[in-house]
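One structure is given here, and the rest of the page talks about it.
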Amino acid sequence: MVRGKVRMRRIENLAHRRVTFCKRREGLLKKARELSVLCDAEVGVIIFSSQGKLHELATNGNMQSLVKRYQGDVVESQMQNRALQSKVAEPGICLVREEIDQLQQGLRSMYGGGAGDMTLDKLHTLEKSLELWICQMRSAKMLIMQQEIQFLENKVKEQNELMNMCSVFGGSPYSTHPVSNGNCFFSI
């Protein structure tokens, strides 16, 4: 006899829900024990029932030592991730800081009475940075303008298609009443 597919939703009948919980809990714990024996793995399962009762399984020791090991691994993993992220991000951060320093110095010189305290090299560096940023801003502006043009072209194309469809079936595309000659129903 083939068992039907079980729909994953809450079981409304309390007695059926408790029986299902007990059977599935035992099945889950059995699979955890099998995994531990077959693969020589440390397995820990913690289950809280709907009444708040704790059910746990810890192979190869107790649950406290397993949880401590898990917490230690999580903390170590987080520290490794942070160290890796800082190593990867460090060169970029340094470049951004240098650029900010250059701009701040340039602004101080401009608003503080000119570039009297800046050397020629610093002025050239500032000029190149400003030219680069102007170029980037122009590129971003052109990209936005191209996207707007494409959007408007698509809109005009859609309106032309609508007008062509209505002219084929008769009627105005700008009519507030639907055209009902049996073929076309448009209202705008």
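So, ASN164, is that one surrounded by 10 or more Cβ atoms within 10 Å (Cβ to Cβ), over 30 Å from VAL96 (Cα atoms), at pLDDT below 65 and over 40 Å from the mean Cα position of the chain (by Cα) or not?
It is false that ASN164 is surrounded by 10 or more Cβ atoms within 10 Å (Cβ to Cβ), over 30 Å from VAL96 (Cα atoms), at pLDDT below 65 and over 40 Å from the mean Cα position of the chain (by Cα).
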Which one of the conditions (1) within 32 Å of the chain's Cα centre (by Cα); (2) at pLDDT below 90 does ARG3 fail to meet, given that it meets all the rest?
-> (1)
Whichever residue in region 1-35 is under 18 Å from LYS53 (Cα atoms) and of a type in the set (D, E, K, R) and, among such residues, is least open to solvent (accessible area, probe 1.4 Å) | ARG25
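Suppose we filter ALA89, ALA115, ALA58 for residues that are at pLDDT 75 or above, of a type in the set (Gly, Ala, Ser) and surrounded by 10 or more Cβ atoms within 10 Å (Cβ to Cβ); which single one remains?
Numbers: ALA89 fails: at pLDDT 75 or above; ALA115 fails: at pLDDT 75 or above.
After applying the criteria, what remains is ALA58.
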Residues of region 1-55 being aliphatic (A, V, I, L, M) and touching a His at 6+ places or on another chain (Cβ under 7 Å), which ones?
-> ILE47
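The values are calculated or read from the model by the stated rules, or taken from the named source; none is laboratory data. The structure presented is a predicted model; accordingly, all values stated were derived computationally and were not measured. For neighbour counting, all protein chains shown are included, and Cβ atoms are generated from backbone atoms with ideal geometry for every residue, glycine included. Ligands, DNA and RNA are excluded from the accessible area calculation, which covers all protein heavy atoms including side chains. Shrake-Rupley method; radii C 1.70, N 1.55, O 1.52, S 1.80 Å.
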